[in-house]
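To keep things clear, I will list the structure first and then write my remarks on it.
We did not get these values from a lab; they are worked out from the coordinates using the rules stated. Quick caveat: nothing in here was measured; it's all calculated off a predicted structure. Quick reminder, even Gly has a Cβ in these numbers, built from the backbone with ideal geometry, and neighbours come from all protein chains shown.
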Amino acid sequence: MANNKDINQKWFLVDAKDRVLGRLATRIAILLRGKHKPEYTPHVDCGDGVIVINASKIRVTGKKMQDKEYVTYSGYPGGRRVKTMDYMMKRYPDKVIRQAVKRMIPDTSLGRQMLKKLKVYADAEHSHKAQKPQELNV
């Protein structure tokens with residue numbers, strides 16, 4: 001069993017260019033949760049940090065660009081908003097990856113803590129050179 005003192009967290013750099021969204025999100029979620037480590041403990045945040053670059057260049061299979069919808073609701077009558085994946089990729093490519101990963105992580109306070117270690121950028125520039133991320137080929 002791991003505890004907070006024993007955890008050694010690293011940072012990984014993932015290039016999302018020409019990667020399939022679901023497969024990429026699954027691999028990122030495994031890294032954030034720490035399931036790739038032998039000392040994985042479900043109730044402790046033993047995962048690593050992940051920096052994703054080139055989020056605007058991901059691929060999806062089939063007709064998901066036109067058919068997949070992102071729905072938000074304000075809570076007021078008539079407040080339902082529907083945006084297609086094509087629209088989201090043009091305006092907010094980082095949110096597409098972040099939401100795919102968020103849905104693969106537990107919806108608890110520990111899951112929110114894990115998600116804070118995910119940094120997503122639409123292009124190849126990022127501001128986390130001080131963390132010395134290791135490049136990861138997904």
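Taken over the range 104-136, the criterion of being under 18 Å from residue 58 (Cα atoms), out of contact with any Asp or Glu (no Cβ under 8 Å at 6 or more places or on another chain) and not aliphatic (A, V, I, L, M) is satisfied by 119, 123, 125, 126.
Considering only the range 50-69, I want to know if a residue exists there that is over 19 Å from residue 22 (Cα atoms), of a type outside the set (A, V, I, L, M) and over 16 Å from the mean Cα position of the chain (by Cα). Break it down into steps so the answer makes sense when it comes.
Step one: list which residues in the range 50-69 are over 19 Å from residue 22 (Cα atoms), which gives none.
No, the conditions are met nowhere in the range 50-69.
Exactly one residue among 114, 104 is touching a Leu at 6+ places or on another chain (Cβ under 6 Å) and under 30 Å from residue 5 (Cβ atoms), and that residue is 114. Of the residues 33, 81, only one is without any contact (Cβ under 8 Å) to a residue 24 or more places away in the chain and of a type outside the set (Ser, Thr, Tyr); which? Within the list 33, 81, the selection yields 81. Residues of the range 29-50 that are touching a Cys at 6+ places or on another chain (Cβ under 9 Å) and more than 19 Å from residue 14 (Cβ to Cβ): 39, 40. Since residue 45 meets every condition but one in (1) within 25 Å of residue 124 (Cα to Cα); (2) of a type outside the set (Val, Ile, Thr); (3) in contact (Cβ under 8 Å) with a residue 60 or more places away in the chain, which condition does it not meet? It is condition (1) that residue 45 fails. A search for C-beta distances below 6 Å between a residue of the range 118-138 that is of a type in the set (S, T, N, Q) and any residue that is surrounded by 15 or more Cβ atoms within 10 Å (Cβ to Cβ) and part of a strand (DSSP E or B), counting only pairs 6+ apart in sequence or on different chains, returns 131/11; 134/12.
If you go through the range 66-116 and keep only what is under 22 Å from residue 54 (Cβ atoms) and of a type in the set (Ser, Thr, Tyr), you end up with 70, 84, 87, 92.
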